[in-house]
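For reference, the structure discussed in these notes is given below.
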Amino acid sequence: AILYDVTHDMVLFEKNADARMYPASITKLMTALLVLEHADLDKMVTFSKTAVTKLESGAVTLKLAEGDQVSVRDCLYGLILKSANEVANGLAEHVGGSIQGFADLMNAKAVALGCTNTHFVNPNGLNSSEHYSTCRDMVKIAKAAYENKAFCEISSTLSYTFPKTKNADARTLTPGHKMLNPEDARYYPGIIGGKTGYTSLAGNTLVTCTERDGVRLIAVVMKAKSTHYEDTKAMLDYGYAKTMAGQTG
(Lines give C-alpha, C1' and ligand atoms only; values in the text may rest on other atoms or scores of the structure.)
Protein backbone atom coordinates (compact mmCIF):
# COMPACT_ATOMS: atom_id res chain seq x y z
CA ALA A 1 0.00 0.00 0.00
CA ILE A 2 0.94 3.64 -0.36
CA LEU A 3 -0.59 7.00 0.55
CA TYR A 4 0.61 10.00 -1.43
CA ASP A 5 -0.10 13.66 -0.72
CA VAL A 6 -0.31 15.16 -4.21
CA THR A 7 -0.65 18.74 -2.93
CA HIS A 8 2.60 18.65 -0.96
CA ASP A 9 4.37 15.98 -3.09
CA MET A 10 4.94 13.71 -0.08
CA VAL A 11 4.53 10.02 0.62
CA LEU A 12 2.70 9.82 3.96
CA PHE A 13 2.65 6.04 4.34
CA GLU A 14 3.98 3.04 2.48
CA LYS A 15 4.21 -0.71 2.91
CA ASN A 16 5.98 -2.87 0.29
CA ALA A 17 5.37 -0.01 -2.14
CA ASP A 18 8.07 -1.22 -4.55
CA ALA A 19 7.07 -4.89 -4.62
CA ARG A 20 5.95 -6.10 -8.04
CA MET A 21 2.27 -7.04 -7.97
CA TYR A 22 -0.43 -7.93 -10.45
CA PRO A 23 -2.53 -4.76 -10.83
CA ALA A 24 -5.73 -6.35 -12.23
CA SER A 25 -8.20 -3.69 -13.39
CA ILE A 26 -6.47 -0.65 -11.91
CA THR A 27 -4.52 -1.08 -15.18
CA LYS A 28 -7.50 0.67 -16.78
CA LEU A 29 -6.37 4.02 -15.30
CA MET A 30 -3.51 3.97 -17.79
CA THR A 31 -5.79 2.75 -20.58
CA ALA A 32 -8.26 5.59 -19.99
CA LEU A 33 -5.52 8.21 -19.72
CA LEU A 34 -3.99 7.20 -23.06
CA VAL A 35 -7.38 7.07 -24.78
CA LEU A 36 -8.22 10.57 -23.51
CA GLU A 37 -4.87 11.84 -24.77
CA HIS A 38 -5.04 10.18 -28.19
CA ALA A 39 -8.67 9.71 -29.23
CA ASP A 40 -11.64 11.85 -30.25
CA LEU A 41 -14.49 11.14 -27.80
CA ASP A 42 -17.09 11.33 -30.57
CA LYS A 43 -15.41 8.80 -32.90
CA MET A 44 -16.83 5.29 -33.05
CA VAL A 45 -14.98 2.19 -31.89
CA THR A 46 -15.73 -0.85 -34.05
CA PHE A 47 -15.27 -4.04 -32.05
CA SER A 48 -13.22 -6.78 -33.68
CA LYS A 49 -13.47 -10.50 -33.05
CA THR A 50 -10.14 -10.32 -31.19
CA ALA A 51 -11.42 -7.56 -28.89
CA VAL A 52 -14.50 -9.48 -27.80
CA THR A 53 -12.97 -12.97 -27.56
CA LYS A 54 -9.46 -12.40 -26.14
CA LEU A 55 -10.68 -12.72 -22.55
CA GLU A 56 -10.24 -15.21 -19.75
CA SER A 57 -13.31 -17.00 -18.41
CA GLY A 58 -15.23 -15.02 -15.82
CA ALA A 59 -13.93 -11.69 -17.10
CA VAL A 60 -16.36 -8.78 -16.65
CA THR A 61 -17.88 -7.63 -19.95
CA LEU A 62 -20.73 -5.59 -21.39
CA LYS A 63 -21.55 -8.45 -23.81
CA LEU A 64 -20.27 -6.59 -26.84
CA ALA A 65 -20.12 -8.56 -30.08
CA GLU A 66 -17.94 -8.43 -33.17
CA GLY A 67 -19.09 -5.51 -35.33
CA ASP A 68 -20.66 -3.49 -32.50
CA GLN A 69 -19.96 0.24 -32.83
CA VAL A 70 -19.79 2.39 -29.69
CA SER A 71 -18.45 5.93 -29.26
CA VAL A 72 -15.12 6.43 -27.51
CA ARG A 73 -16.97 8.43 -24.84
CA ASP A 74 -19.44 5.61 -24.11
CA CYS A 75 -16.56 3.13 -24.12
CA LEU A 76 -14.70 5.13 -21.47
CA TYR A 77 -17.70 5.01 -19.15
CA GLY A 78 -17.95 1.26 -19.76
CA LEU A 79 -14.24 0.92 -19.05
CA ILE A 80 -14.11 2.89 -15.80
CA LEU A 81 -17.54 2.29 -14.25
CA LYS A 82 -18.20 -1.31 -15.33
CA SER A 83 -14.54 -2.34 -15.82
CA ALA A 84 -15.55 -4.13 -19.03
CA ASN A 85 -12.58 -6.01 -20.43
CA GLU A 86 -13.64 -6.26 -24.07
CA VAL A 87 -14.19 -2.49 -24.02
CA ALA A 88 -10.54 -2.10 -22.94
CA ASN A 89 -9.49 -4.27 -25.90
CA GLY A 90 -11.64 -2.30 -28.35
CA LEU A 91 -10.24 1.02 -27.15
CA ALA A 92 -6.71 -0.36 -27.35
CA GLU A 93 -7.17 -1.43 -30.97
CA HIS A 94 -8.81 1.91 -31.79
CA VAL A 95 -5.89 3.93 -30.41
CA GLY A 96 -2.90 1.59 -30.86
CA GLY A 97 -3.92 -0.36 -33.96
CA SER A 98 -3.61 -3.59 -31.99
CA ILE A 99 -3.50 -4.72 -28.38
CA GLN A 100 0.29 -5.08 -28.66
CA GLY A 101 0.60 -1.63 -30.22
CA PHE A 102 -1.38 -0.13 -27.37
CA ALA A 103 0.66 -2.04 -24.76
CA ASP A 104 3.76 -0.40 -26.29
CA LEU A 105 2.12 3.01 -25.79
CA MET A 106 1.26 2.07 -22.19
CA ASN A 107 4.84 1.12 -21.42
CA ALA A 108 6.24 4.27 -23.04
CA LYS A 109 3.82 6.40 -21.02
CA ALA A 110 4.72 4.54 -17.80
CA VAL A 111 8.39 5.40 -18.38
CA ALA A 112 7.49 9.03 -19.18
CA LEU A 113 5.60 9.24 -15.87
CA GLY A 114 8.64 7.99 -13.95
CA CYS A 115 7.51 4.40 -13.36
CA THR A 116 10.48 2.11 -12.81
CA ASN A 117 8.89 -1.26 -12.07
CA THR A 118 5.90 -1.52 -14.39
CA HIS A 119 5.26 -3.56 -17.52
CA PHE A 120 1.94 -3.85 -19.32
CA VAL A 121 0.96 -6.44 -21.93
CA ASN A 122 -2.76 -5.69 -22.17
CA PRO A 123 -5.17 -2.79 -21.59
CA ASN A 124 -7.41 -4.53 -19.06
CA GLY A 125 -5.21 -6.13 -16.38
CA LEU A 126 -6.23 -9.73 -16.99
CA ASN A 127 -3.67 -12.20 -15.65
CA SER A 128 -0.25 -12.41 -17.29
CA SER A 129 3.12 -13.01 -15.65
CA GLU A 130 4.52 -10.16 -17.77
CA HIS A 131 1.88 -7.67 -16.60
CA TYR A 132 2.86 -6.04 -13.32
CA SER A 133 3.27 -2.80 -11.43
CA THR A 134 3.92 -1.49 -7.91
CA CYS A 135 1.97 0.71 -5.52
CA ARG A 136 4.51 3.51 -6.03
CA ASP A 137 4.23 3.35 -9.82
CA MET A 138 0.42 3.20 -9.69
CA VAL A 139 0.42 6.46 -7.70
CA LYS A 140 2.31 8.12 -10.57
CA ILE A 141 -0.20 6.80 -13.11
CA ALA A 142 -3.17 7.79 -10.93
CA LYS A 143 -1.77 11.29 -10.35
CA ALA A 144 -1.59 11.84 -14.11
CA ALA A 145 -5.06 10.38 -14.69
CA TYR A 146 -6.68 12.59 -12.03
CA GLU A 147 -5.04 15.69 -13.51
CA ASN A 148 -7.25 15.04 -16.55
CA LYS A 149 -10.59 16.82 -16.12
CA ALA A 150 -12.50 14.45 -18.42
CA PHE A 151 -11.13 11.45 -16.53
CA CYS A 152 -12.30 12.91 -13.18
CA GLU A 153 -15.75 13.51 -14.64
CA ILE A 154 -16.07 9.90 -15.88
CA SER A 155 -14.57 8.41 -12.73
CA SER A 156 -16.97 10.24 -10.40
CA THR A 157 -20.16 9.54 -12.38
CA LEU A 158 -22.76 7.67 -10.30
CA SER A 159 -25.05 6.61 -13.15
CA TYR A 160 -24.52 6.42 -16.91
CA THR A 161 -26.64 4.96 -19.69
CA PHE A 162 -24.60 2.71 -21.97
CA PRO A 163 -26.24 2.39 -25.42
CA LYS A 164 -28.02 -0.59 -26.94
CA THR A 165 -25.74 -3.06 -28.71
CA LYS A 166 -26.31 -6.28 -30.66
CA ASN A 167 -26.62 -8.51 -27.61
CA ALA A 168 -28.06 -6.14 -25.02
CA ASP A 169 -30.49 -3.25 -24.60
CA ALA A 170 -29.34 0.11 -23.24
CA ARG A 171 -28.25 -0.36 -19.63
CA THR A 172 -27.37 1.78 -16.62
CA LEU A 173 -23.80 1.67 -15.38
CA THR A 174 -22.86 2.51 -11.79
CA PRO A 175 -19.33 2.67 -10.34
CA GLY A 176 -17.71 -0.42 -8.90
CA HIS A 177 -15.80 1.68 -6.35
CA LYS A 178 -18.03 1.62 -3.24
CA MET A 179 -16.54 4.78 -1.69
CA LEU A 180 -18.16 6.84 -4.48
CA ASN A 181 -21.73 5.98 -3.57
CA PRO A 182 -23.26 8.35 -0.96
CA GLU A 183 -25.80 5.62 -0.11
CA ASP A 184 -23.06 3.11 0.77
CA ALA A 185 -21.60 2.81 4.29
CA ARG A 186 -18.13 2.95 2.71
CA TYR A 187 -18.75 6.35 1.09
CA TYR A 188 -15.82 8.73 1.61
CA PRO A 189 -16.56 12.49 1.60
CA GLY A 190 -14.26 14.35 -0.76
CA ILE A 191 -13.76 11.42 -3.12
CA ILE A 192 -12.89 12.44 -6.68
CA GLY A 193 -12.81 8.96 -8.12
CA GLY A 194 -11.19 5.58 -8.04
CA LYS A 195 -10.76 2.20 -9.68
CA THR A 196 -11.25 -1.30 -8.39
CA GLY A 197 -9.51 -4.46 -9.50
CA TYR A 198 -9.64 -8.16 -8.75
CA THR A 199 -8.26 -11.36 -10.17
CA SER A 200 -7.43 -14.62 -8.43
CA LEU A 201 -3.70 -13.81 -8.69
CA ALA A 202 -3.89 -10.08 -7.96
CA GLY A 203 -6.30 -10.25 -5.04
CA ASN A 204 -8.14 -6.97 -4.45
CA THR A 205 -6.52 -3.84 -5.87
CA LEU A 206 -7.87 -0.34 -5.31
CA VAL A 207 -6.89 3.19 -6.31
CA THR A 208 -8.67 6.11 -4.64
CA CYS A 209 -8.26 9.86 -5.16
CA THR A 210 -9.78 12.34 -2.69
CA GLU A 211 -9.58 16.05 -1.98
CA ARG A 212 -10.46 17.86 1.24
CA ASP A 213 -9.58 21.38 2.37
CA GLY A 214 -7.39 21.82 -0.68
CA VAL A 215 -5.36 18.66 0.00
CA ARG A 216 -5.42 15.92 -2.62
CA LEU A 217 -4.50 12.40 -1.55
CA ILE A 218 -4.08 9.22 -3.58
CA ALA A 219 -4.25 5.84 -1.87
CA VAL A 220 -3.23 2.59 -3.58
CA VAL A 221 -3.81 -0.89 -2.16
CA MET A 222 -2.64 -4.06 -3.93
CA LYS A 223 -2.79 -7.79 -3.08
CA ALA A 224 -5.49 -7.23 -0.44
CA LYS A 225 -7.79 -9.96 0.82
CA SER A 226 -11.13 -8.14 1.03
CA THR A 227 -9.67 -5.44 3.33
CA HIS A 228 -9.06 -2.92 0.53
CA TYR A 229 -11.79 -0.47 1.57
CA GLU A 230 -10.98 -0.44 5.27
CA ASP A 231 -7.26 -0.19 4.51
CA THR A 232 -7.91 2.72 2.15
CA LYS A 233 -10.15 4.52 4.66
CA ALA A 234 -7.56 4.08 7.42
CA MET A 235 -4.83 5.56 5.20
CA LEU A 236 -6.96 8.50 4.06
CA ASP A 237 -8.12 9.29 7.60
CA TYR A 238 -4.50 9.17 8.74
CA GLY A 239 -3.43 11.39 5.86
CA TYR A 240 -6.02 14.09 6.53
CA ALA A 241 -5.35 14.04 10.28
CA LYS A 242 -1.64 14.47 9.53
CA THR A 243 -2.06 17.26 6.96
CA MET A 244 -4.53 19.13 9.15
CA ALA A 245 -2.16 18.88 12.11
CA GLY A 246 0.60 20.19 9.88
CA GLN A 247 -1.50 23.17 8.81
CA THR A 248 -2.55 24.10 12.33
CA GLY A 249 0.64 23.22 14.17
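The values are calculated or read from the model by the stated rules, or taken from the named source; none is laboratory data. Just so it is clear, the structure is predicted and the values come from calculations on it, not from any experiment. Virtual Cβ from ideal backbone geometry, glycine too; neighbours counted across all protein chains shown. Each accessible area value is taken on the protein alone, full model and side chains, heavy atoms only, with ligands, DNA and RNA left out. Shrake-Rupley method; radii C 1.70, N 1.55, O 1.52, S 1.80 Å.
Accessible area ranking (1.4 Å probe, heavy atoms, ligands and nucleic acids excluded), largest first, for 86, 153: 153, 86. Each Cα pair under 8 Å and six or more residues apart adds its sequence gap; the mean of these over the residue count of the chain is a relative contact order of 24 percent. Residues whose amide H comes within less than 5 Å of that of residue 212, counting only those at least five positions distant or on another chain, are 217 (H built at 1.01 Å from N in the peptide plane). Among 161-168, 196-203, the peptide with the highest mean count of other Cβ atoms within 10 Å heads the list, and the full ranking is 196-203, 161-168. Each peptide among 171-184, 16-29 gets the average number of other Cβ atoms lying within 10 Å of its residues, and from highest to lowest they stand as 16-29, 171-184.
Can you tell me the 0 to 90 degree angle between the C-alpha axis of helix 228-248 and the longest principal axis of the chain, rounded to 10? On a 0 to 90 degree scale, this one is about 40. Toward the positive end of the charge dipole of the chain, with +1 on the Cβ of Lys and Arg and -1 on the Cβ of Asp and Glu, the farthest Cα among 50, 217, 168 is that of 168. Each part gets one Cα centre, and for segment 44-112 versus segment 190-249 those centres are 27 Å apart.
When the Cα convex hull of the chain is projected onto planes of every orientation, the mean area is 12.5 nm². Note on segment 151-211: Kirkwood hydrodynamic radius from all Cα pairs is 13.0 Å, rounded to one decimal.
Accessible surface calculations at 1.4 Å, restricted to protein heavy atoms, place segment 92-197 at 43 Å² per residue.
Each pair of Cα atoms in segment 1-110 enters the Kirkwood radius, and Stokes-Einstein at 10 °C and 1.306 mPa s then converts it into a translational diffusion coefficient of 105 µm²/s.
Angle of helix 99-112 to the longest C-alpha principal axis of the chain, folded into 0 to 90 degrees and rounded to 10: 20°. Dipole magnitude for the chain: computed about the Cα centre from +1 point charges on Lys and Arg Cβ and -1 point charges on Asp and Glu Cβ, it is near 320 debye. Between the Cα long axis of helix 135-145 and the first principal axis of the chain there is an angle of about 70°, rounded to the nearest 10.
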